[in-house]
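The values are calculated or read from the model by the stated rules, or taken from the named source; none is laboratory data. Since this is a predicted model, take the numbers as computed values, not measurements. Using ideal geometry, Cβ is built from the backbone for each residue, glycine included, and neighbour counts are taken over all protein chains shown. For accessibility, only protein heavy atoms count, side chains too; no ligands or nucleic acids. Shrake-Rupley method; radii C 1.70, N 1.55, O 1.52, S 1.80 Å.
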Amino acid sequence: MLGSLLRHSLRALGRQKTYVIINILGLAIGIACSLIIALFILHELSFDNYHEKKDRLYRVILHGKMGGQELQVTSTAAPIGPAMLNEFPEVEDFLRMNGRWEVPITFEDKHFIEKYYMEADSSFFRFFSIPPLKGDARTVLNEKHTAVLSASLAYKIFGEDDPVNKMIRVGDEETLYRITGVMQDIPENTHFRANLITSFMTNSRSTDDQWLSNSFETYVLLHPNSSPEDANARFKPMLEKHVGPLIMEYFGISMDDFLAKGNKYNLWLQPLGDIHLNPEIEQGLRAASDPKYLWIFGSIALLIIIIAGINFMNLSTAQASRRAKEVGVKMVCGSTRSKLISQFLTETLILSMISLLIALLIVHLSLPYFNELLDMQLSIGYFNHWYNIPALLLFTAMIGIFAGSYPSFYLSSFN
């Protein structure tokens, strides 16, 4: 039955070569555009999802208002992390990071420029699932003037040689940095970028006790089953204890009076999964994306598919006069309307699957240009998950049924 249906469908399509080519190309371009947009949306939604402890990781946000100017920033003071570890029973560990500027690197007589440079506490590898390839993750950043390179930067500087324990100059500092480890390249769908990480304790302000000098990103790892709401409730007494005396010193009023005047100075915990899609917070390490654009792009992708489907319907319906005789003869020979509908839908599904193959080719050829334009690493990853290929086939089948339903019922209605 199925073989006969496919045979009749292929014969019918073979007699309409121009119509078939136009329909396949139109549908393929529509599918390709929608797939590229879908890849972009999925990429934006995937940020930081690969971290094993993502459900327990939070970033500390400073919410301040003074003189009518209100802001929410990721910049916090150096002593906040250690204080939270000591005073918050929910906190298991803390991490401070400091995004730096583009920096020159010198090794012997070789000179390089690294765009993504960052300082971090030794807890960095306990927080984020970025595997170290060389060196002990527990100790690579626990001494001054130590550095960890990404695999790509290590190869760029040292080639196939082992970089561990070699000395490099970072920026114009006189003291050389000892390379203590090499890490896997940080995935692009991460809210920070770094190919060179140096120990945070090297920074002269790492032991700073100035609570109003907000310059660094602070993260905390909560104990399993701990509540971030409970931790947020502890910020007020902590700030009254450490910041209150400073407000009294600088402004001559208590913290309660300072807040009563309409000012704000508070801290709260932002979940790791909320970082990339929250543009309301002024980001320090990497700009956030606005989720409304994902809705806009998603709507555009859906509109493209609908237009491609309607175009397919119109072209199929335009062939009605040419296929009327075919329908009449088949009905005279005993074919039922349900069989004709099955044949026309089969033809549409065949065209849809061919369009999918062409669309995947278009996506494969165009993705490098989109990645260069958007500074991303979009890829389809056919075998990354077991459901990728079935999802593509189901998506294409749904398009085929949508595009072929009206022509099928229309053509099969002829007497």
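Round to a whole number: what % of the accessible area of the chain belongs to carbon and sulfur, probe 1.4 Å?
59
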Hits among lysines - C-alpha to C-alpha of residue 339 under 18 Å, sequence gap 8 or more where chains match: 325, 330
Nearby lysines by direct alpha-carbon distance to residue 261 (threshold 18 angstrom, same-chain neighbours under 8 apart not counted): 65, 236
Assigned charges on the beta-carbon of Lys, Arg, Asp, Glu; the chain dipole about Cα centre (debye): 2940
The chain: relative contact order as a whole-number percent, Cα under 8 Å and 6+ apart: 25
Helix-only mean residue ellipticity at 222 nm for the chain, each DSSP H run of n ≥ 4 adding -39500 (n - 2.57), per residue, nearest 500: -15000 deg cm²/dmol
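Filter the trypsin sites (Lys or Arg not before Pro) in region 181-251 down to the DSSP loop ones having no more than 14 other Cβ atoms within 10 Å, then list what survives.
Numbers: sites: 193, 205, 234, 241; in loops: 193, 205, 234.
Passing sites in region 181-251 are 205.
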Accessible area of region 57-182 divided out per residue, in Å², using a probe of 1.4 angstrom: 45
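Show me 184-191, 94-101, 343-350 ranked by packing, highest mean number of other Cβ atoms within 10 Å first. Don't skip to the answer; put the middle values down first.
Working: 184-191: 16.9, 94-101: 19.8, 343-350: 22.1.
With the highest mean Cβ count within 10 Å placed first, the list reads 343-350, 94-101, 184-191.
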Prolate/oblate/rounded call for region 209-310, Cα gyration tensor, a/c under 1.5 rounded: prolate
For residue 143, residues with placed amide H under 5 Å, excluding near neighbours: none
Straight-distance crosslink candidates among lysines, where the alpha carbon sits under 20 Å from residue 110 and sequence neighbours closer than 8 are dropped: 156, 166
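Please express the shape of the chain as an equivalent ellipsoid: the semi-axes are the square roots of 5 times the eigenvalues of the C-alpha gyration tensor, given largest first in whole angstrom.
Semi-axes (√(5λ), whole Å): 59, 27, 17.
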J(HN,Hα) series, region 192-198, from Karplus relation 6.51 cos²θ - 1.76 cosθ + 1.60, nearest Hz, glycine and proline x: 9, 10, 6, 9, 9, 10, 10
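When only Cα pairs under 8 Å and 6 or more residues apart are kept, what is the percent relative contact order across region 68-207? Before the final figure, lay out each step's value.
Details: 257 pairs, mean separation 38.0, N = 140.
Once divided by the residue count of region 68-207, the mean separation gives 27 percent.
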Whole-Hz couplings from phi, Karplus 6.51/-1.76/1.60, listed for region 87-96; x for Gly and Pro: 10, 10, x, 6, 8, 8, 7, 10, 9, 10
Helix axis angle, 388-411 relative to the chain longest principal axis, alpha carbon, degrees: 40
Euclidean distance of C-alpha centroids, region 265-320 and region 108-148, integer Å: 35
Net charge dipole size for region 100-227 [Lys, Arg +1 and Asp, Glu -1 on Cβ; Debye, nearest 20]: 220
